[in-house]
Amino acid sequence: MEGKQPVADSSDQFLVVTNCCFCFDLRTGSLIIVYFTLITSVLNILGFLCDVIMPDDDGMAKEDKLDIFNLTVTIVVIIICIMNIATCVICLLGIYQDIPEYVYIYLIYSLVYLVVIILLLLASVITGRASIGFYFWDIISILGPEVDSDTSLNDYLRNHLNLRGTKYMCKEGGCGACVVAVTVNDPHRRTFSVNSCLVSITSCQDWEITTIEGIGNRARGYHPVQRTLAEYNGTQCGYCSPGFVMSMYSLLEANHYDLTQYEIENSFGSNTCRCTGSRPILDAFKSFAKDAPKPPPKIEDIEDLKICPGKGDCKGCGKDKNWCMVSQSDVDPPRIKKINLKDGHVWYRVNEVADIFTVLDAEGYESYMLVNGNTGRGAVPVLVHPRVLIDIQPIKELKGYYLDQNLVVGAGITLTDLMELFKDVSKTHEEFQYLYKLYEHLDLVAHIPVRNIGTVAGNLMTKYRLHAFSSDIFLLLETIGAVLVIGEYSNIKIK
Ligand SMILES: Cc1cc2nc3c(=O)[nH]c(=O)nc-3n(C[C@H](O)[C@H](O)[C@H](O)COP(=O)(O)OP(=O)(O)OC[C@H]3O[C@@H](n4cnc5c(N)ncnc54)[C@H](O)[C@@H]3O)c2cc1C
Ligand code: FES
Ligand code: FES
């Protein structure tokens, strides 16, 4: 390093390096670190302010907007750190005979800073990217671009989380081997069963998912449903058992353990068993009915397993945290969430009807599909997914209804909710008594896990896509002369 003359400053504690591309006075170097720490903080505060003032209605998630910003800031800071380290290394490589201890301190400081920043960058890449979160018991699972457009909840449970208790067979919603329980707060807390083979994993935002592993096992003790099934010889090879158990568990939870034998027997169109002939299974489950000939098994055990002490609005969790969930109100989702999937497809999650058109305006109308319960593919397979998938499940305005001289029902209402609505209205409004017949017919449509998430619009659009599909919903709506309102961009048109 000929020509480089170290010059001690007046205090003899700082050095000047000349003729060097990294020619920093180390005092200045230390100041630079301080400056950039300050600058980073200021930028982060600015980022926070951007986050606060960022308009919500321009169709883009705030996280997406901040991604580039945060990445840029982080890269700048990393470059500064590397320059500082390089400065120190140059000093150590013999520019000075008497290396002051400060050089080592600067070196260590910069190295630590660099490691911290890189860790933060990794953390932001892992957690800060567009993602969806859902819960297994009290464990949050976050996923994003590592899944494909056709990754189902079942695939994710078995292959990503290694929870192989949940089985699969048909992957069409027909056998029930894949049934799991889902709890949502929308706004009331409720539990229902779904076919995990049909549900797209990216639809599971904010769901609390309970699998067979979660309700009981050899170590923790079995759930009464599991135990009773075994006691009644309702399981042989056992392949169908997790699905049966989770269907029954969801049914009990959904109906607050208040079911008749008939209601229980009528609720298992969703599951098949090739070994037992199903009779012992139904006998086992009917023993939970309030009109069962013998006292039901210890129901208090079930209560014991619902351990969350704060039930409903639990914030803090008690000693046993196994069943304590984060409430939906704790989550503030962006209006539109976007995930770039592994297979090049794009997944959007929207909260309002207008958001659908915002997404379509941005992405184009050439290749897209709305996704509701995603059960339609069980009836009519979707062989190739379009490039843009828009999850419209969260849209509340499509799920409501109102009643004046007409009953107007949102197209996003699930078949389960539609049944309840028809039953209630038929009893409370004389002019709508005929809806009870529709309720009875709907009870024969598909089965409970499909009806729990399958929607009216999804059924009608499946019919529209393939006219040969014998849609009961289409038939019923035709029979009563229902009018369908179809939304179009910038106006609503009645057809
Ligand atoms: C095992 C099984 C048995 C079944 N048995 C019956 C039966 O007996 N009788 C019967 O009638 N049906 C039956 N079905 C069909 C079932 O009713 C439909 O799968 C369900 O209603 C579809 O709703 P979804 O919300 O899951 O639709 P998705 O699968 O989410 O969507 C289906 C199609 O509808 C489109 N779509 C969804 N929502 C909207 C919207 N709001 N606006 C515009 N397009 C939309 C989607 O883009 C997609 O093309 C069965 C299904 C299964 C899996
Ligand atoms: S695997 Fe058969 S219903 Fe899901
Ligand atoms: S016990 Fe074998 S399939 Fe049901």
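The values are calculated or read from the model by the stated rules, or taken from the named source; none is laboratory data. Small disclaimer: the values here were computed from a predicted structure and weren't measured. So basically every Cβ, Gly included, is an ideal-geometry build from the backbone, and we count neighbours across all protein chains shown.
Condition check: of a type outside the set (Phe, Trp, Tyr) and away from ligand 2 (no atom under 16 Å from the Cβ). Does Arg274 satisfy that? Break it down stepwise before answering.
Numbers: of a type outside the set (Phe, Trp, Tyr): yes; away from ligand 2 (no atom under 16 Å from the Cβ): no.
Spelling it out, it is not the case that Arg274 is of a type outside the set (Phe, Trp, Tyr) and away from ligand 2 (no atom under 16 Å from the Cβ).
Among the listed residues Ala457, Ala482, Ala446, identify the single one that is on the phi > 0 side of the Ramachandran plot and not acidic (Asp, Glu).
Details: Ala457 fails: on the phi > 0 side of the Ramachandran plot; Ala482 fails: on the phi > 0 side of the Ramachandran plot.
Step by step, each of Ala457, Ala482, Ala446 is checked, and only Ala446 is on the phi > 0 side of the Ramachandran plot and not acidic (Asp, Glu).
Inspect segment 268-283 for any residue being farther than 21 Å from Ala446 by Cα and away from ligand 3 (no atom under 12 Å from the Cβ) and give the result as yes or no.
Residues of segment 268-283 farther than 21 Å from Ala446 by Cα: 275-276, 280, 283.
Add one more test, that the residue is away from ligand 3 (no atom under 12 Å from the Cβ), and what stays is 283.
Looking through segment 268-283, at least one residue is farther than 21 Å from Ala446 by Cα and away from ligand 3 (no atom under 12 Å from the Cβ).
Across segment 231-258, what is the total count of residues that are away from ligand 3 (no atom under 11 Å from the Cβ), out of contact with any helix residue (DSSP H, G or I) (no Cβ under 7 Å at 6 or more places or on another chain) and assigned to a loop (DSSP other than H, G, I, E, B)?
Residues that pass the stated criteria total 3.
Among the residues of segment 360-396, which ones are assigned to a loop (DSSP other than H, G, I, E, B) and within 17 Å of Ala411 (Cβ to Cβ)?
Asn372, Gly373, Asn374, Thr375, Ile392, Gln393, Pro394, Ile395
On the basis of being within 30 Å of Trp347 (Cβ to Cβ), buried (at least 16 other Cβ atoms within 10 Å of the Cβ) and within 16 Å of ligand 3 (Cβ to nearest atom), does Ser203 make the cut? So that I can check it myself, show each step before the final result.
Working: within 30 Å of Trp347 (Cβ to Cβ): yes; buried (at least 16 other Cβ atoms within 10 Å of the Cβ): yes; within 16 Å of ligand 3 (Cβ to nearest atom): no.
When the stated conditions are applied, Ser203 does not pass them.
Got a sec? Which helices (runs of 4 or more DSSP H) wholly within segment 423-477 have at least 2 residues that are farther than 24 Å from Tyr402 by Cβ and more than 16 Å from ligand 2 (Cβ to nearest atom)? Can you show your working first?
Details: elements: 435-442, 448-453, 456-465.
Those helices (runs of 4 or more DSSP H) span 456-465.
Can you spot a residue in segment 149-163 that is charged (D, E, K, R), surrounded by fewer than 22 Cβ atoms within 10 Å (Cβ to Cβ), farther than 21 Å from Gly454 by Cα and outside the structural domain of Val445 (by TED's automatic domain parsing)?
Of segment 149-163, the ones charged (D, E, K, R) are 150, 155, 158.
From what's left, surrounded by fewer than 22 Cβ atoms within 10 Å (Cβ to Cβ): 150, 155, 158.
Okay, now just the ones that are also farther than 21 Å from Gly454 by Cα, so 158.
Those still in the list that are outside the structural domain of Val445 (by TED's automatic domain parsing) too: 158.
Yes.
Please specify each residue of segment 250-282 satisfying the condition of being over 33 Å from the mean Cα position of the chain (by Cα), crowded, with 17+ Cβ neighbours inside 10 Å and more than 18 Å from Gly174 (Cα to Cα).
Gln261, Pro280
Only residues in segment 459-488 that are without any contact (Cβ under 8 Å) to a residue 24 or more places away in the chain count as the first member; pair them with residues that are of a type in the set (D, E, K, R) and in a loop (DSSP other than H, G, I, E, B), Cβ under 6 angstrom, at least 6 apart or cross-chain, and list the lot.
Taking only residues 6 or more apart or on different chains, the pairs are Ile486/Lys495.
Since Val225 meets every condition but one in (1) modelled with pLDDT of 95 or more; (2) more than 16 Å from ligand 3 (Cβ to nearest atom), which condition does it not meet?
So the condition that Val225 fails would be (2).
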